[in-house]
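Each remark here refers to the structure printed beneath this line.
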Amino acid sequence: MDTELLPTVFLKPGEADRIVAGHPWIYHSSVQRLTRQVADGDLVQVKDSKQRWLGIGFYNAKSKINVRLVARERIEIDRAFFERRIRAALAVREKHLPEATSFRVVNAESDQLSGLIVDKYEDVLVLQTSALGMDQRKPMILATLEEIFSPRAIVERNELASRKFEGLPDANGVLRGDLRGPVDIQLNGLQFAVDLLAGHKTGLYLDQQANYQAVANQIALTPGAKVLDCFSFLGGFALHAARAGAAQVIGIDQSEEAVKAATLNAKTNGLQGKCAFESANVFDWLKAQTVTGPNEKLLPKFDAIILDPPSFTRNRASVPDALRGYKEIHLRALKLLKPGGTLATFCCSHHVDATLFQDVILEAAFDTRKLLRRVATCSQSPDHPVVPSIPETEYLKGFLFELTS
């Protein structure tokens, strides 16, 4: 492929700086002109308004993101290209999570493969393609993954809302190999059964892998702690807390299926005597626990409370409602936390940054007349790398607080 012969997308004046800084997305509003017609999903070269070369990427007229850059140099986008990029991404994980056997191998923009996610669950891989150009190159990607990992199976989990903006249909199923039933995976030495064909996201919250252990280490400072894990899902935080020395862990999740799975995971790890999971709406459960009668004083019950809700917002317009939701659960949680206790709290919305999230927590502390001491700041695990010049790569933030006595 001679990149000089590719159709050229010229950017409007002033639109190149963000791209030069490292962001791979070129919006329709940034495009000045296209030198000739190009089929959606095909490669184009991108130049600024002064005809300076910026890179090559996949074009899609149906998407607001007209071009997703995949290379800054003039190279072939072939199987060898995907092998280099995926091996480079794997090396990052091996460096920063050397003991992990289940982790995210490719994190799209973080690994210069916009629109591609690959998760590794022991010997099974899960693939997501959220961009047309990547989706059209699945055969090359699958061949590369088979060569590098020799997986037992490769599963496609393409029910992402973002695919609709690319003109792509939903797709879900086994692409290579054979997979029946849940996959048993190891996280920090604990075993979890994960349904990769029907579970949430690609199966598990791999982005919390490092935080599971960090929260457990904090809880271990209070032997025999009573712990509340809200939005407990498959029991990630709950099981880590129980293994760290908590005497009792209560997990609350609205999904009955998640509660069943978490209960089974506790049993598998010999922690069923310490863990109890309940299916309930977390907001309603917390409210019921904090209701008091006339002249009745609420006595705090927990030495540690973990709040790890799903995203409350998918766009900027819903941020105010999301902030009210975050404040509500923190108000209730702080009333149930014993003096000296630990509050571990997380937010996975890209539209709510760490400063805004902490402000909401402090507002809840003010309203409940509580004083918090911050002991740790958390981010997503290193298999979900953050590239500061691409703000979209940073979404998970969290804090560990101690409630002052």
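Count Lys and Arg as plus one, Asp and Glu as minus one, and take only other residues whose Cβ is under 14 Å from that of residue 28; the net charge is then +2. For the chain, the longest principal axis of the C-alpha atoms and the axis of helix 209-219 are separated by about 20°. For region 218-275 versus region 101-116, the spacing of their alpha-carbon centroids is 29 Å.
The candidate values are (1) 142; (2) 258; (3) 169; the one derived from this structure for volume of the Cα convex hull per residue in Å³ carries the label (1).
Close amide-amide hydrogen proximity is noted between residue 41 and 59, 60, 61, each under 5 Å apart and 5 or more residues distant or on a separate chain (H modeled in the peptide plane; Pro and chain starts excluded). Taking the centroid of alpha carbons for each part, region 1-67 and region 322-363 are 41 Å apart. Neighbours of residue 229, meaning other residues whose beta-carbon lies under 15 angstrom from its beta-carbon, give a summed charge of +1 when Lys and Arg score +1 and Asp and Glu score -1.
Here's the list of aspartates and glutamates a cross-link from residue 267 could span, going by alpha-carbon distance under 16 Å and ignoring same-chain residues fewer than 8 apart: 184, 257, 278. Among the listed pairs 301/335; 64/138; 338/370; 301/397; 226/301; 297/335, a Cα-Cα separation exceeding 18 Å is found for 64/138; 301/397.
Once C-alpha pairs closer than 8 Å and six or more residues apart are averaged by separation and normalised to the residue number of the chain, the relative contact order reads 11 percent. Tell me the GluC sites (Glu not before Pro) within region 4-93 that lie in a loop according to DSSP and have at most 14 other beta-carbon atoms within 10 Å. Hits after loop and neighbour filter: 73, 76. Each peptide in 227-235, 250-258 receives the mean, over its residues, of other Cβ atoms within 10 Å, and ordering these scores from highest gives 227-235, 250-258.
Sum up the charges of everything whose Cβ sits under 14 Å from the Cβ of residue 16, counting Lys and Arg as +1 and Asp and Glu as -1, but leave residue 16 out. Counting the neighbours of residue 16, the net charge comes to +3. Using the Cβ-Cβ distance between residue 290 and residue 268 with R0 = 51 Å, the FRET efficiency computed as 1/(1 + (r/R0)^6) comes to roughly 0.95.
Each value in this text was obtained by applying a stated rule to the coordinates, not by laboratory testing. Quick caveat, the model's predicted, so the values are computed rather than measured. Note that each Cβ is placed from the backbone with ideal geometry, even for glycine, and that neighbours are counted across all protein chains shown.
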